[in-house]
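As structure tokens, the structure follows; a few thoughts come after it.
FYI, it's all coordinate maths here, none of it is from the lab. All values derive from a computational prediction rather than experimental measurement. Don't worry about glycine lacking a Cβ; one is built from the backbone with ideal geometry, like all the others, and counts go over all protein chains shown.
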Amino acid sequence: MTLMTLPNPPRVSLGHLPTPFHLLKRISADLDGPRLWIKRDDLSGLLMTGNKVRKLEFLVAQALEEGCDTLITCGGIQSNHCRATASAAVQLGMEVCLILREDNEPTVDGNLFLDHLLGARIVSVSKQRFFSELPKLVEESCDFYTKRGRRPFVIPLGGSDEIGLWGYCAAGAELRDDFENNNISPSHIVVATGSGGTQAGLTAGAEVHGLSASVVGMAVCDSAAYFQRKVRSDLEGWIQRYNIPLDVDALRIQTNDDYVGAGYGLAGPEVYETIRYVAQREGIVLDPVYTGKAFHGLLQEIRAGHFKDSKDIVFIHTGGLFGLFPHACHFGFESL
Ligand SMILES: *Cc1c(COP(=O)(O)O)cnc(C)c1O
């Protein structure tokens with residue numbers, strides 16, 4: 001592994017980094033398999049908790065570099081990415097517009113509550129319009145701001161593009177230090193995959209920072225084939241835009257779609273059970289949309305013996321706490 005010289009893209013400091021890294025002692029003992037470690041990106045901030053802040057450090061810096069003063073982005077009604085973007089915008093004195101995909105019964109709770117509290121302008125659209133007319137909706141929002149003399153910058157779904165990719169590429173350097181400090185050489189880095197940018201960044205970051213671990217994305221929606229293409233195209237865009245001396249074909253892109261369940265934002269009882277188990281064993285809170293689903297999948301894979309040759313495995317806790325609250329009714333506490 002030759003360490004390569006990388007360009008220095010613009011970056012603003014938004015996250016509380018580096019985040020902690022530690023062993024999941026009790027869960028590892030329960031499993032009687034590899035040791036499970038956790039990267040606490042849920043502690044990357046309060047209103048910016050989770051993985052999106054790492055991407056936003058580069059995306060927002062690009063916006064500022066281009067002289068923009070307004071951020072436009074989109075996502076599900078409980079999008080962590082949109083909430084983090086709204087918070088970043090306020091901190092930098094920018095305006096923010098969120099195009100949100102309506103759910104069946106949107107309650108002003110969790111992330112949506114915070115979006116309102118942060119003063120984001122919210123354009124809420126039906127699922128159908130969101131999927132069929134997103135580019136048009138984004139253009140309309142851009143026009144809205146341009147007409148008012150403002151300069152909008154569009155951040156794609158989940159912040160997953162060749163700019164946002166830098167966030168988790170840079171996290172690779174943090175992980176290298178974490179591994180060194182704990183004297184471990186994990187075989188796998190496991191993360192929830194929803195729009196692919198975190199997986200793409202980690203895949204790049206592992207390569208450029210000389211980690212021997214392979215990155216596995218646990219899909220929370222869509223198919224492995226879809227993410228194979230999406231992650232690859234983010235990586236290609238990044239290599240091309242920044243002239244990175246890497247061959248995309250040399251990068252292993254691995255996504256597991258066995259634990260998607262009924263679809264995005266829909267969790268089965270096994271996911272709620274895993275969230276409860278992790279909370280009560282380790283005092284760590286996962287969310288039903290991303291980390292709970294992904295961690296449940298990882299536990300199942302370990303129990304099935306798929307990691308029996310591994311000594312150490314790392315799970316990236318990508319946050320999502322606020323998305324848990326709208327699901328509180330699924331835990332059955334009301335009946336206690
Ligand atoms: C967005 C998100 C993910 C998925 O990351 P992508 O880069 O979109 O694949 C995982 N966990 C949480 C909590 C998220 O908000």
| request: Take the Cα of Phe331, step 7 Å along the line toward its Cβ, and report every residue of region 255-277 whose backbone nitrogen sits under 20 Å from that point. | output: 265-277
| said: Residues of region 175-200 with backbone nitrogen within less than 17 Å of a virtual label 7 Å along the Cα-to-Cβ line of His22, please, listed as ranges. | reply: 178-179, 181-183
| Unit Cα scatterers, Debye sum, the chain: log10 I(q)/I(0) for q = 0.14 Å⁻¹ | -1.13
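How much length is gained if the chain between Ala173 and Ala279 is pulled fully straight, taking 0.36 nm per residue apart and subtracting their Cα-Cα distance, in nm to one decimal?
Details: separation 106, 0.36 × 106 = 38.16 nm, distance 2.85 nm.
Taking 0.36 nm per residue and subtracting the Cα distance, the gain is 35.3 nm.
Where does each of Lys230, Lys55 land when they are ranked from fewest to most other beta-carbon atoms within 10 angstrom?
Working: Lys230 21, Lys55 29.
Exposure proxy ranking, most exposed first: Lys230, Lys55.
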| task | Sum -39500 (n - 2.57) across every DSSP H segment of at least 4 residues in the chain, then divide by the residue count to get the 222 nm mean residue ellipticity, nearest 500. | result | -13000 deg cm²/dmol
| Can you list the aspartates and glutamates whose alpha carbon sits under 17 Å from that of Lys52, skipping same-chain ones fewer than 8 residues off? | Asp41, Asp42, Asp115, Asp161, Glu162, Glu174, Asp234, Asp287
| said: Test of understanding: ordering Cys82, Cys221 by Cβ neighbours within 10 Å, fewest first, what list do you get? | reply: Cys221, Cys82
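Give, in nm to one decimal, the length gained when the segment between Ser212 and Leu117 is fully stretched (0.36 nm per residue of separation minus the Cα-Cα distance).
Numbers: separation 95, 0.36 × 95 = 34.20 nm, distance 4.30 nm.
The span from Ser212 to Leu117 would gain 29.9 nm if fully extended.
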| request: Would you work out the relative contact order for region 200-283, in percent, from Cα pairs under 8 angstrom that are 6 or more residues apart? | output: 36
| said: If the reach is capped at under 20 angstrom between alpha carbons, list the lysines near Lys308, excluding any in the same chain fewer than eight residues apart. | reply: Lys25
